[in-house]
1. Can you tell me the length gained on complete extension of the stretch Asn249 to Arg659, counting 0.36 nm per residue apart and subtracting the Cα distance?
2. Not counting ligands, DNA or RNA, and with a 1.4 Å probe, what is Thr255's accessible surface area in Å² rounded to the nearest 10?
3. Given a 1.4 angstrom probe, I'd like the percentage of the accessible area of the stretch 167-288 that is carbon and sulfur, rounded to a whole number.
4. Say each of Arg340 and Asn223 gets a label point 7 Å from the Cα, pointing the same way as Cα to Cβ; how far apart are those two points in nm?
5. The stretch 58-76 to the stretch 309-353: how many Å between their Cα centroids?
6. I'd like the accessible area for Lys547, computed on protein heavy atoms only with a 1.4 Å probe and all protein chains in place. Round to 10 Å², please.
7. Just to confirm, what accessible area per residue do you get for the stretch 618-713 at 1.4 Å probe, in whole Å²?
8. Going by the alpha-carbon gyration tensor, a ≥ b ≥ c the square roots of its eigenvalues, is the stretch 630-688 rounded (a/c under 1.5) or, if a/c is not under 1.5, prolate (a/b greater than b/c) versus oblate?
Amino acid sequence: MMRISIFLFLVVNVVGASPSHRRLSSEEPKQLSQLRGASPDTTTTTSSSLSSPYETLDAEALTGYVSNHPYYRNLVNFDENLPFDQSSQVPYFWHIHKAGGSTMKHILTCLDMTQTRRSSSEDCNDKDENLHVCPQAWGQTVNADASSPDGIERIERLGLVEQGIPNLVIDTSRFYEALKVLNPQHQGRLFVVFRNPIERAISKYYYNQVATWERNYKPEIANMTMIGYAKSMHCIDNWVTRRLVHKMNPQEKVTEGDLRLAKEILRQKAFILLTDSLSQSVYRLSQYFGWPIDGPKRGCIDRFAKYEPVNQNPHPVPAKDSPEWSAIRETVVLDMELYRYAMELYHEVQSGFLHSKFGPLALPAAVDLVAAPKAEKIDEIVANQNTEQNNQAMPVDTGNGSDNDKNIETLNSSFTATQAENIDQVAKTILNSNKVMPSQVDSGKVSETQQNVEALASFNSPQAENIDQNIVQAMPSGANAGNAPETQQSVEITNNAQNEQSTTAGTGVSVPDQDPDCPVPDTLNIPVTHPVWSASYPGSGAKLTWKLIRAITGIFTGDDHDHNGRVGLGVVSAIKTHYPSNTPQAVIDKLGSETLNRITRTILLTRNPLNALPSYCNFVYERQNKLRNHSTRAPLDYWITWRNENFEKELKLWVDHQRYWLDKGNSDSLYHLTFEHLVDPNQGPDSLKGMGEFLSHDEEIPTVPSDRMDCIWEMFVDKSTVPGEKERRRSLRHGGADHYTYTEAQLDQIIMALQQLENDYMANYPDFAKVMGEYSRIIQESRVQMQEM
């Protein structure tokens, strides 16, 4: 049996499912009408005249309905009949308008697929009485139009799927209608790329104003306002849901029952791709189909997936609190629910399935040796990252990979333009000595620094050992201790955010041990109007909190310096800050009033100053000695010297930090999280769930299901220990003192400060006050151990 693989590209809203299907008998059109609750002879119905039979079905019955439906039943289930066999399956690509469909066509050409295509040329006419493959300068097509009723009828009549065309992909915008070209011997495997439905509808509005070349062009749309368009017959509500359930008559109202059916089709039949993570989605698709991606194909794919998307129509985007945005949103309410469900399938179900079925996703290295657009983008990022000259870029503690890999990550994503210039000569020397020259990279398209980074990335493990020390020596030095935590943590954010094709398959976080039973969402650039502050005094667990936020939301985080550029773009869920304790006011002001006004909620992360101050001291020690972050504890004598010089200042900063954020917020806009509770085996999972509930209070920031947070907590917190050092639970630092002491007077000052905070905030923040009391009691109970003798 030859099954047709359905390829769905749904960028904004939905994914399509193509039923595996045989030719319909003369009786089956009547059966289909009856399944939908309509009279077989009825061609036009209204919402009041019919009730679809699936409306009241329970989950089990709905599953059976899809499985037995004359169209849907011939779609290959997502997780069945693998690996893909092109002798019995054919990819079926549902082309959702303004969801990246044109880009996807080009990517399929990169993969050497032969696609159905509308054509009127003399040697490749879709009206001919014969189907044949048409060689083109850029690839191969079939003279078959699968997106018009006449074309679909012709394809079915001429038996396209029976002709055994190698690498055939059926490309159609008419998901349901085109299913008739399938049959039990040639079934379809459904693929879909989702895009945010609101964004897709807005893009469609602007596109329809200018797309005179489209056969369905309506000139009157050019004179419509967006609100007028949203209310007109040209804007069909919940278009993706309608296509999936074959309910395209605007007089028929789409219902919650239709949404349930659409979700069930996706669950059973569709392989999900996402526009916001298109490059990774394509590599997942290649894994699913077994389509190899060699060097030339990779460069071709990256060109379109990353740098040169096709058929773009730049246009303004209305503010999310504007009447225009609201008008469009009202037309896609059910499609938004379907979109969220598709994202859940992508992140939680299919990610784990692919890992268990095919093993880890083999993504290409972080550095691409392809087109100029990337080089230009890298240079732009470097130019925009002119942080203070005294900030030092250090290797990142990724928890995996060789030291060379980590140095390359630092080189690739954290140096400013000036710092990059200082590296080039050293890099050239290293490259010359190892016979890997920048000339091997396309020097006409990339900057000199990027060439060096790319060439360095090509070293194997033995070569890497020979260059690590030289790389470290090339790092800028002279970091200001007061700015060190901010600099290093921002570098880590930048590396995680920019290296979206890391060892964790694009999650944006370093997963200690990826568990297929506990898939972590891939990190995406999802627009968020109202991100939250993630505020903490340095040394309080900010890095762990970033990782957990990304892991439970699947959305990138940023920092108050906006080192990764995503804060300004509005695609972060949380913004890390040490303000006012360790971040200048000028840094905050630089974000701009528009951004600052959008941030109305705060996660306040607190750690007992008894431990927060030594943790910050460890960081300063690592920076001064050019050690990797979170690698080494300071010797006791270093702590004592640093403590005596900085204790009063740092304790005041710790206290002022808490007061600032508490006074700025209220019990509704602030979530208080303690490091001690977060890492405690008994309280940690509940603390993570509480943070998840706070984040997801804004519908723009989705989180994984609550029960998933238990295993995510275990993955990121409980397993992140130093083997053999359980007493130092959840710390990656080695060496140094077992504990750090204070003078009796210093302990008294800490207790007094905590008691004052407890009294001052008992009324407005009773939970915070309770924690301050706990901190105070812990210090009093451990005075003998903590006091310097």
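The values are calculated or read from the model by the stated rules, or taken from the named source; none is laboratory data. None of the values given here were measured: they were computed from a predicted structure. Counting neighbours? That spans all protein chains shown, and the Cβs are built from the backbone with ideal geometry, glycine included. Quick note on the areas: whole protein, heavy atoms, side chains included, nothing else; ligands and nucleic acids left out. Shrake-Rupley method; radii C 1.70, N 1.55, O 1.52, S 1.80 Å.
1. Full-extension gain reported as 141.7 nm.
2. Rounded to the nearest 10, the figure is 40 Å².
3. Values: 1970 of 3950 Å².
Answer for the stretch 167-288: carbon and sulfur cover 50 percent of the accessible area.
4. Reported label-point gap for Arg340 and Asn223 is 4.0 nm.
5. 26
6. Its accessible surface works out to 40 Å², give or take rounding.
7. Result: 45 Å² of accessible area for each residue.
8. On the way: a/c = 4.13, a/b = 1.38, b/c = 2.99.
Oblate is the answer for the stretch 630-688, as a/c is 1.5 or above yet b/c matches or exceeds a/b.
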